[in-house]
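Contents: one structure, followed by commentary.
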Amino acid sequence: MNRVYNFAAGPSVMPLSVLERAGAEILNYRGSGMSVMEMSHRSKVFQEIFDGTKAKLRRALAVPESHEILFLQGGATLQFAAIPMNLMRGGCADYAVTGNFSGKAAKEAEKYGTVRIACDTASTGHDRIPGQAELRQSPDASYFYYCANNTIYGTEWQYVPETAATLVCDMSSDILSRPVDVSRYGLIYAGAQKNMAPAGLTVVIVDKALAGHELPITPQVMSYKTLIDSDSMLNTPPCWCIYMLGLVLDWLEEQGGVAGMEQLKKARAAKVYELLDNSAFYRAHALPGSRSDMNVTFRTPDAETDAAFVKEAAERGLVNLKGHRIAGGIRASLYNAMPMEGVDALLTFMKEFEVEHHV
Ligand SMILES: *Cc1c(COP(=O)(O)O)cnc(C)c1O
């Protein structure tokens with residue numbers, strides 16, 4: 001079929017069976033005579049898709065009734081502003097900066113209140129996640145913000161921080177990869193294009209009690225209260241992506257849900273880290289205890305060899321292994337939909353490349 005193994009960080013690999021199902025339904029969705037792409041978002045048939053996807057996500061993550069699930073547009077980046085506008089209200093918030101996206105979120109939040117940096121791992125190239133005792137917390141913070149998985153640097157929080165303030169988390173690149181106790185969070189959000197669905201959908205899971213206190217300047221389309229009240233249909237939602245997320249959630253359930261995904265993600269990543277740690281040629285970027293199962297970042301002895309690695313891998317159908325431009329090196333993104341055969345093919349290539357290039 002000429003499909004490659006796609007290690008892209010996002011938009012990224014989707015389950016093959018999901019793509020096949022979407023393909024089979026693309027011209028005539030279940031007898032409706034039209035594609036989901038052509039449907040009114042106010043139609044009965046689309047409302048069923050919407051409600052179904054929401055119910056499946058609620059089930060997959062065991063989202064309690066206290067929390068609403070929103071299907072929005074604007075990407076994760078829009079939430080960098082929506083969160084402080086709705087939750088900080090001119091006060092202050094603590095931000096744990098462990099990578100590029102949490103840094104950007106902190107910068108954006110400064111426009112709407114006082115940002116206190118709870119930790120910043122920039123000095124060591126964001127190669128680790130600080131321990132609980134290292135987190136500086138303000139007594140008056142309206143929330144504590146962190147990013148669960150640092151997509152660019154390849155680190156992942158292995159614990160949920162204990163905070164007095166409401167917990168807010170960017171789970172863009174590891175949502176649905178493990179069970180989460182949603183009740184511990186005031187707000188969880190994620191861009192869909194890493195581990196859920198095509199680009200264009202942002203999922204926000206928010207404690208309903210937090211809504212309704214936004215800054216007066218908050219655009220209507222960014223007010224959690226308005227979005228909750230309109231059930232994400234203040235304006236046209238990303239219909240196609242919501243449908244695709246529904247298909248992905250069906251697939252996820254067949255694979256054992258988020259508990260099944262957690263086992264798989266650990267197995268995938270462990271294989272790659274084991275090779276890295278037993279090699280004098282490759283070097284993992286993230287420190288043990290902080291390593292991401294979703295994005296494995298590493299280097300060969302020099303940038304030139306990194307580039308050769310990426311090029312030769314692509315010739316073998318292992319594509320998008322180049323590290324993010326701000327981090328350099330190599331990055332293998334191992335999301336839920338990456339089959340183990342893809343990981344094994346990568347390992348085979350890595351061993352051969354090392355033999356060829358090790359001096
Ligand atoms: C990709 C990513 C973002 C940015 O997502 P957009 O949808 O492009 O705005 C934010 N946070 C994390 C952790 C990401 O991986």
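The values are calculated or read from the model by the stated rules, or taken from the named source; none is laboratory data. Because the structure is a prediction, the values reported are computed rather than measured. We place every Cβ from the backbone using ideal geometry, glycine too, and count neighbours over all the protein chains shown.
Every residue in segment 145-171 that is within 17 Å of the chain's Cα centre (by Cα), of a type in the set (A, V, I, L, M) and not in a strand (DSSP E or B), please.
ALA148, ILE152, VAL160, MET171, listed by residue number.
For ARG116, which of the numbered conditions (1) out of contact with any Cys (no Cβ under 7 Å at 6 or more places or on another chain); (2) farther than 30 Å from LEU245 by Cα fails to hold?
Status for ARG116: all satisfied but (1).
Look at segment 66-125 and say how many of its residues are part of a strand (DSSP E or B), within 16 Å of the ligand (Cβ to nearest atom) and without any contact (Cβ under 8 Å) to a residue 40 or more places away in the chain. Working first, answer last.
Applying the first criterion (part of a strand (DSSP E or B)) to segment 66-125 yields 67-72, 92-97, 114-120.
With within 16 Å of the ligand (Cβ to nearest atom) added as a condition, the list becomes 70-72, 95-97.
Still in the running and without any contact (Cβ under 8 Å) to a residue 40 or more places away in the chain: 97.
Qualifying residue count, segment 66-125: 1.
Out of the residues in segment 193-211 meeting the condition of being within 24 Å of TRP251 (Cβ to Cβ) and among the aliphatic types (A, V, I, L, M), tell me which one is nearest to the ligand (Cβ to nearest atom). Walk me through how you get there before you give the answer.
Residues of segment 193-211 within 24 Å of TRP251 (Cβ to Cβ): 193-205.
Next, only the ones that are among the aliphatic types (A, V, I, L, M) stay: 196-197, 199, 201, 203-205.
Details: MET196: 11, ALA197: 12, ALA199: 7, LEU201: 9, VAL203: 11, VAL204: 12, ILE205: 15 Å.
Per the criteria, the residue is ALA199.
Of a type in the set (D, E, K, R) and under 30 Å from ASP51 (Cα atoms): does that describe ASP231? Show your work before the answer.
On the way: of a type in the set (D, E, K, R): yes; under 30 Å from ASP51 (Cα atoms): yes.
Answer is yes for this residue.
Suppose we keep only residues that are of a type in the set (S, T, N, Q) and within 16 Å of the ligand (Cβ to nearest atom) within segment 159-192. Which one would you say is farthest from SER66 (Cα to Cα)?
The first filter runs over segment 159-192 and keeps only residues of a type in the set (S, T, N, Q), leaving 163, 166, 172-173, 177, 183.
Checking the rest, the ones that are also within 16 Å of the ligand (Cβ to nearest atom) come to 172-173, 177.
Numbers: SER172: 22, SER173: 24, SER177: 22 Å.
Only one residue tops the list, namely SER173.
Taking the stated definitions as given, is ALA9 exposed (fewer than 15 other Cβ atoms within 10 Å of the Cβ), under 23 Å from SER172 (Cα atoms) and of a type in the set (A, V, I, L, M)? Talk me through it step by step, then tell me what you get.
Working: exposed (fewer than 15 other Cβ atoms within 10 Å of the Cβ): no; under 23 Å from SER172 (Cα atoms): yes; of a type in the set (A, V, I, L, M): yes.
It is false that ALA9 is exposed (fewer than 15 other Cβ atoms within 10 Å of the Cβ), under 23 Å from SER172 (Cα atoms) and of a type in the set (A, V, I, L, M).
Does LEU275 count as in contact with a helix residue (DSSP H, G or I) (Cβ under 8 Å, 6 or more places away or on another chain), in a helix (DSSP H, G or I), of a type outside the set (Lys, Arg) and not assigned by TED's automatic domain parsing to the domain that holds ARG89?
On the way: in contact with a helix residue (DSSP H, G or I) (Cβ under 8 Å, 6 or more places away or on another chain): yes; in a helix (DSSP H, G or I): yes; of a type outside the set (Lys, Arg): yes; not assigned by TED's automatic domain parsing to the domain that holds ARG89: yes.
So LEU275 passes the test.
With GLU38, GLU65 as the choices, which residue is closer than 19 Å to LEU227 by Cβ and surrounded by fewer than 16 Cβ atoms within 10 Å (Cβ to Cβ)?
Just a single option satisfies the conditions, and that option is GLU65.
So which pairs qualify, if the first residue must be in segment 156-168 and in the same structural domain as ALA190 (by TED's automatic domain parsing), the second must be of a type in the set (Gly, Ala, Ser) and surrounded by fewer than 15 Cβ atoms within 10 Å (Cβ to Cβ), the Cβ gap must be under 8 Å, and the two must be at least 6 apart or on different chains?
GLN158/GLY289
State all residues of segment 1-30 that are more than 26 Å from the chain's Cα centre (by Cα) and more than 17 Å from TRP240 (Cα to Cα); if no residue qualifies, say none. Reasoning before the result, please.
Pass one, segment 1-30, residues more than 26 Å from the chain's Cα centre (by Cα): 1-2, 24-30.
Hits for segment 1-30 are MET1, ASN2.
Can you spot a residue in segment 285-292 that is in contact with a helix residue (DSSP H, G or I) (Cβ under 6 Å, 6 or more places away or on another chain) and in contact (Cβ under 8 Å) with a residue 24 or more places away in the chain? Steps first, answer last, please.
Step one: filter segment 285-292 for residues in contact with a helix residue (DSSP H, G or I) (Cβ under 6 Å, 6 or more places away or on another chain), giving none.
There is no residue in segment 285-292 that is in contact with a helix residue (DSSP H, G or I) (Cβ under 6 Å, 6 or more places away or on another chain) and in contact (Cβ under 8 Å) with a residue 24 or more places away in the chain.
The rows are residues; the columns are (1) in contact with a Gly (Cβ under 7 Å, 6 or more places away or on another chain); (2) closer than 27 Å to TRP240 by Cβ; (3) at pLDDT below 95.
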| residue | (1), (2), (3) |
| --- | --- |
| SER142 | yes, no, no |
| ASN149 | no, yes, no |
| GLU162 | no, no, no |
| ASP170 | no, yes, no |
| PRO179 | no, no, no |
| GLY186 | no, no, no |
| TYR189 | no, yes, no |
